[in-house]
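To start, the structure itself, in structure tokens.
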Amino acid sequence: MNRKPTLDELIGADTTGAERQRLQHVHELLLEAGPPPELSPELEAGPKLNMTMGKKRRGVVKQRAMALLAAAIVVFMIFVGGYVAHTPGGKSSGPRPVLAQALHGTKLAPNAEGTLEVWNASSGNWPMTLTAADLPKLPPRTYYEVYLVRHGRPWGSCGQFRVTSSNSQGVVRATLTAPYSLKKGDSWVVTRPGPSGMEPGPVVLRPAPATA
Amino acid sequence: MRKNDGDMEIAIEVPQPRLRAVPSEPAPPDDSVTDAELLARVGEHDREAFEMLYGRYIRPVFGLALRRLGDRGHAEDAVQEAFAAIWRSASTYRPERGAAGGWLYTVARNAIVDRLRRNGPAYDAELPELISHDPGPAQHAEDSDTAWRVHRALEELQPREREVIELAYWSGMSQSEVAEYLHLPLGTVKTRTRSGLAHLAAALEGELR
């Protein structure tokens, strides 16, 4: 299309002075700008949902990065603890755990990770150390509970612990006890409080597929 | 005139202007809310405000992307990214630092430039080994800015005014042909064209608030 309209053709010659100058300026801008682009039906239809998902996705990425960092800290703490304990020249050589169980978060705490170490029994009690990362903080006066699982069912409580905002990088370390005779195949889960506080609630950490 | 059996039918291809549909009862654009107010609401994740802002800026943003990228597919992708960037960063807009239109232009341009960089190697491979006589980057930037402002201002017009302006400037038709095409008296077309130009002047002088 080569034909360009003149301002006289569009508005006549009657308009003069400042008003004509205003319209002349707009006329020139329109010629310079060219036509607006034709929109595809997709663009014409309006904004797409994924345009407004960016922030959320970014939040999830940040959350995952924090969870990975916390998990790395857990692994590092376990590694350093084990190294110090088993190094001949180590200052604090102590007993080796007889069992270490890796724990993964359920849907209730998808980013949570943890490790449960069981130490040699003393007077029929098995000391345990739970290290967990990224468990959500619970309401006041409510606690997570560690349950011994036998034959696929919670068999007995091994103690409670809580997560506070002062836990470094969301990592909690708690000392617990299993006052039971352990058997082959026993495992542990971490639960939220049940409705009455007396029975296990929903599981937040459960054994990972491959246990150490 | 009756057509004889022996008459030869001649098909004349008349290019029809491509226009947006004009509603029979045109609703005036909702200019009671400024772009700055819309941006503030988008910053609080108001989807309705985002849709209104999209309606006002989709053509300027797409036009900018097309001029920079030269390919409709890439330009459409860049539009998605530009509006996603607007959604994400609207809360950072500060009215005291400048007009909302300028802020939107910067965010959209950055998203388009990012897309251009990602397309870089493919685009470089297609560059001809000839000295270009095209306008330089500064001229391109000025042209882009003009088109952005004008296309944004067009969105402020009543659909009836916008229709005659688009036909007058970009269809190749004379005013008489526009009148015939729209089945309107010539005087009505001239009146609408004149008022449309005056409204555009006001919108452009207001620098998009």
Determine, from the Cβ-Cβ distance of A:Tyr143 and B:Ala202 and an R0 of 56 Å, the FRET efficiency 1/(1 + (r/R0)^6), rounded to the nearest 0.05. 0.25
For a footprinting-style exposure proxy, rank A:Val171, B:Val150 by other Cβ within 10 Å, fewest first. A:Val171, B:Val150
With A:Pro193 itself left out, Lys, Arg at +1 and Asp, Glu at -1 over residues whose Cβ is under 14 Å from its Cβ give +2
Just for the Cα atoms in region A:127-212, what are the lengths along the principal axes, largest first, rounded to whole Å? 36, 31, 23
Most exposed first, judged by fewest Cβ atoms within 10 angstrom, B:Ile112, B:Ile165 run B:Ile165, B:Ile112
Sorted from fewest to most neighbouring beta carbons within 10 Å, what does the list B:Arg47, B:Arg41, B:Arg117, B:Arg56 look like? B:Arg117, B:Arg47, B:Arg41, B:Arg56
May I have the extent of the alpha carbons of region A:146-189 along their three principal axes, as whole Å values ordered from largest to smallest? 36, 18, 14
Can you compute log10 of I(q)/I(0) for region B:156-209 with the Debye formula, treating each Cα as one identical point scatterer, at q = 0.15, 0.20, 0.21 Å⁻¹? -0.40, -0.65, -0.70
Two-site label geometry, A:Leu108 and B:Asp46: point separation in nm, points 7 Å out along Cα→Cβ: 4.0 nm
The answer for the net charge of residues other than A:Pro97 whose Cβ lies under 15 angstrom from its Cβ, with Lys and Arg +1 and Asp and Glu -1, is 0
To check my understanding: the extent here is largest minus smallest coordinate of the Cα atoms along each principal axis. What are those three numbers for region B:32-121, in Å, largest first? 41, 23, 18
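No lab work stands behind these numbers, since they all come straight from the coordinates. What you see is a predicted model, and the numbers here were worked out from it, not measured in a lab. In this analysis, Cβ positions are derived from the backbone assuming ideal geometry, glycine residues included, and neighbour counts consider all displayed protein chains.
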